[in-house]
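Below you'll find the structure, written out as structure tokens, and then a few comments.
Where a number appears in this text, it was derived from the coordinates with a stated rule and is not lab data. Not measured: the values here are computed from a predicted model. When we count neighbours, we look across all protein chains shown, and the Cβ atoms used for this are built from the backbone with ideal geometry, even at glycine.
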Amino acid sequence: MKKRSEVSEDAKWDLSSLYKSDEDFLKDYDYLVNNYKKYKDFEGKLNNAKDIYNFFVFDEEFSKKFEAAYNYSSLKFDEDVTNFKYQEISGKMDKLSTDVSEVTSFIVPEMMKLTKEDVDKFILEDSRLELYRWEFRNLLRAKPHVLSENEEKLISLLSSPLSSFEEISSYLCNSDIKFGNILDSEGKEVELTNTNFSIYIADKDREVRKRAFYALYKQYENMQNTFASSYSSHVKYMNINAKIRGYKDAREAALFGGNIDVKIYDNLIDTLHKNLYIMDDYYKLKKDVLGLDELHIYDIYTDLISESSKKYTFDEAKDIVISALSVLGDDYVNDLKKAFDERWVDIYPNSGKRGGAYSSGCYTSNPYVLLNFNGKFNDVSTLAHELGHSMHSYYSIKSNPYIYYNYKIFVAEVASQVNEIILARYLIDHTSSKLEKLNILDSLMELFKGSIVRQTMFAEFEKLMHDKEASGEVLTSKFISDSYYELYKKYSGSNMISDPEIRYEWEKIPHFYYNFYVYQYATGLAAACYIASNILEGKEGALEKYLKFLTLGGSMDPVDELKVAGVDMNDPEVIQKGMDMFKSVIEEFKEIYEK
């Protein structure tokens, strides 16, 4: 593993669109520290056109600098998390973020005192406020759920200790629980952790998989009461908070920010229930290809194709992604090439570099991509995925004023998944290697299983827990684990043995503390399948609609943005399209494998 200083410059991202040097960053940091308290100058004054306009002007100037500084500190920290200099800089920005949050706590309650008539009057008095009409609409829409200023201050003070359950769970999972040692495939004793569990549960040696599976879940069984206390407290807090704010329930409160109808959530679950027979086909295929008499949970994460898949250089990956995405048009491809020409991408792993991959940026910078590229197909797919996010951000920034460039989480995974699907189809169509085709199809099946089926199961579990707690059920470890196990069996079908140890899996899933977040992985992939299919099939207007969607940022409600792309998330056919594609990929794999 190379040190950061040993990585060639052309393989690193160029952060100069943020700051050309640390010194330039520090100038903005000093500005932020010296000016954030100026927000208090507007306290008690957000009730007239002049002061509201001046507030928006100051807020935009400050927020642009804050976003740039925060992004820079985060990206520099992630280059090498052992670098003390950037540990300190990142810590300073975290502290400043807390200070800014505290000093700006008055803004929303004050704005909530306005009426629609006030807003219309202010816009008549100062036409420059017309730009903010949509922002006013979003603020006023939430008005029925905002409490008095004193009540909001009390909740703000209590929110940190009352929302610490995720942190408690994280410390338990990643630090405090010790899973002991297991023997790897070479007979060497290795310590099992939450991090390396994903490696051993996918090992080609079945005995290694079994040892990892039983060792991990034995410890979660031992800690079930502690996790149940943490999770049930979180659920109770979310239910109480929703009730205090006048929402029907915690789910409605969580979906309110994006103006998402809970029917979309229910439609997802209902449509999956009608399609769970596909999991019978999927796990029968797994069992047959792996040559097993019985398929257990510890078998389902290993690759179906034992031979090593094709390796790619980064240059090859770049060329493939550009070629695959050429179906999106010349303008898109020319803009995409900027990611490579202007070095948006930090390519290879190095000592201390944060793992995984992401896309990040701000209004005044390029959208950056962190990778840990190792040359596998999944790395090529990850490149396409993260560039999907970056291009969505690029067009949102290019097409919107600052206040409306950020798109909602509900649509955040659509562009990335569109890219993944287009890339996979391109590679399948452009290789004669059956092994390569099978590896790509295996990856697609995992995508559908993980992002639609599994996340919908999580969504149903989350809804069930909140509903049961609200109705008076005590969320004991036994009740939570029994409920999770029944859902797991339901979503897994009859061709896999759902080992009883999996009943404790809920303890290790951080997303259950994210408040009805996970369903968006499923809806996002389903929407992406719908869009990608229409584009690849050459459906009239499909590409133009999609490219328009990429420009919308946060200027519309996310469900309406998807309608611009030709996708109506209220229509069960969208989810069905995703499941149909899952089924067709299974059949395609079977056909090639049997030959």
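Figure the gain on full extension for K548 and Y517 (residue separation times 0.36 nm, minus the Cα-Cα span) and round it to one decimal in nm.
Difference between extended and current length: 8.6 nm.
Go ahead and collect, in residue order, the members of segment 484-499 whose backbone nitrogen is under 12 Å from a label point 7 Å along the Cα-Cβ direction of L292.
What the label zone holds, given the 12 Å backbone N cut-off, is 495-499.
Y358's amide H: which non-local residues (gap 5+, or another chain) put their own amide H closer than 5 Å, with H modeled 1.01 Å from N in plane and none for Pro or chain starts?
L370
Taking amide H positions as placed in the peptide plane 1.01 Å from N, state which residues far from V345 in sequence (5 or more) or on other chains have amide H under 5 Å from it.
Those lying under 5 Å, H to H, from V345 are D14, V369.
Place a point 7 Å from Cα of V103 in the direction of its Cβ. Which residues in segment 156-188 have their backbone N less than 19 Å from it?
Once the point is set 7 Å along Cα→Cβ of V103, 157 turn out to lie under 19 Å by backbone N, inside segment 156-188.
Decide, for segment 247-369, between rounded, prolate and oblate: order the square roots of the alpha carbon gyration tensor eigenvalues as a ≥ b ≥ c, take rounded if a/c falls under 1.5, and otherwise choose prolate if a/b is larger than b/c, else oblate.
Oblate.
Once you have the Cα-Cα distance between L154 and K489, take 0.36 nm times their residue separation minus that, and quote the gain in nm to one decimal.
That pair, L154 and K489, stretches by 116.3 nm at full extension.
Provide the per-residue ³J(HN,Hα) series for segment 508-513, in order, calculated from phi with Karplus coefficients 6.51, -1.76, 1.60 and θ = phi - 60°, each as a whole number of Hz, with x at glycine and proline positions.
Once rounded to whole Hz, the list reads 9, 9, x, 5, 5, 9.
Rounded, prolate or oblate: which fits segment 373-491, taking a ≥ b ≥ c as square roots of the Cα gyration tensor eigenvalues, rounded meaning a/c under 1.5, else prolate when a/b beats b/c?
Oblate, since a/c reaches 1.5 and b/c is not below a/b.
Just the Cα atoms of segment 89-239, one point each, no solvent: what log10 I(q)/I(0) does Debye give at q = 0.12, 0.13, 0.17, 0.19 Å⁻¹?
Each listed q corresponds, in turn, to -0.77, -0.82, -1.04, -1.15.
Determine which lysines satisfy two conditions relative to K37: a Cα distance under 23 Å, and not lying fewer than 8 residues away in the same chain.
Straight-line reach from K37, under 23 Å: K27, K45, K50, K64, K65, K92, K95, K113, K153.
Which whole-number percent is the relative contact order of the chain (Cα, under 8 Å, 6+ apart)?
Relative contact order, the chain: 19 percent.
Computed FRET efficiency, Cβ-Cβ of K478 and Y214, R0 25 Å: what is it to the nearest 0.05?
After rounding to 0.05, the efficiency reads 0.75.
Run the quick spin-label model on E117 and N35: label points 7 Å from Cα toward the beta carbon, then report their separation in nm to one decimal.
Output for this residue pair reads 3.8 nm.
Could you give the angle, 0 to 90 degrees to the nearest 10, between helix 262-275's Cα long axis and the longest principal axis of the Cα atoms of the chain?
10 degrees
Along the charge dipole of segment 96-231, Cβ charges K/R +1 and D/E -1, which of Y217, L114, S97 sits furthest on the positive end?
Selected residue: Y217.
Run through the DSSP bridge list for the chain and note the antiparallel percent, rounded to the nearest 5.
If we restrict to bridges inside the chain, about 65 percent are antiparallel.
In segment 243-272, which residues have a backbone nitrogen under 15 Å from the label point lying 7 Å from S471's Cα in the Cα-to-Cβ direction?
What the label zone holds, given the 15 Å backbone N cut-off, is 249-250.
For labels at N138 and V327 in the simple 7 Å Cα→Cβ model, what's the distance in nm?
Reported label-point gap for N138 and V327 is 3.2 nm.
Provide Rg and Dmax in Å for segment 408-461, with only Cα atoms included in the calculation.
Spelled out, the Cα radius of gyration and Dmax of segment 408-461 are 13.6, 43 Å.
Going highest first, how would you order 399-411, 451-463, 290-302 by mean Cβ packing within 10 Å?
451-463, 399-411, 290-302
Among the GluC sites (Glu not before Pro) in segment 517-595, which ones are in a DSSP loop with at most 11 other Cβ atoms within 10 Å of the Cβ? Mind listing them?
E537, E540
In terms of modelled amide H atoms, which long-range or inter-chain residues lie less than 5 Å from the amide H of H296?
HN-HN under 5 Å from H296: I497.
May I ask for the Rg/Rh ratio of segment 497-536, computed from Cα atoms with Rh as the Kirkwood radius, given to two decimals?
1.21
Here are some values of Rg/Rh (Cα atoms, Kirkwood Rh): (i) 1.00; (ii) 1.05; (iii) 0.96. Which one was computed from this structure?
After the calculation, the listed value that fits is (iii).
Over 29 Å between Cα atoms, which of K287/K437; K310/K353; K204/K274; K287/K595 qualify?
K204/K274
Using square roots of five times the C-alpha gyration tensor eigenvalues, list the equivalent-ellipsoid semi-axes of segment 400-558 in whole Å, biggest first.
Here the semi-axes work out to 34, 25, 11 Å.
Cut-off is 10 Å between beta-carbons; in what order do T195, T382 appear when sorted fewest neighbours first?
Listing T195, T382 from fewest to most nearby Cβ atoms yields T195, T382.
Mind pulling the angle between the C-alpha long axis of helix 224-244 and the longest principal axis of the chain? Nearest 10 degrees, somewhere in 0 to 90.
Between helix and principal axis, roughly 40 degrees.
Go ahead and run the numbers for FRET between K310 and K204, Cβ-Cβ distance against an R0 of 22 Å, rounding to 0.05.
0.75
Would you please name the trypsin sites (Lys or Arg not before Pro) within segment 93-165 that are DSSP coil residues with at most 16 other C-beta atoms within 10 Å of their C-beta?
Listed in order of number, the matching sites are K113.
Multiply the residue gap between S432 and E537 by 0.36 nm, knock off their C-alpha separation, and tell me the result in nm, one decimal place.
Result: 35.6 nm gained on full extension.
Go ahead and run the numbers for FRET between D580 and E189, Cβ-Cβ distance against an R0 of 41 Å, rounding to 0.05.
0.30
Taking the alpha-carbon set of segment 328-376, what are its Rg and Dmax in Å?
12.5, 38
To test your reading of the geometry: what angle, between 0 and 90 degrees and rounded to tens, separates the Cα axis of helix 22-35 from the longest principal axis of the chain?
That helix lies at roughly 50 degrees to the long axis.
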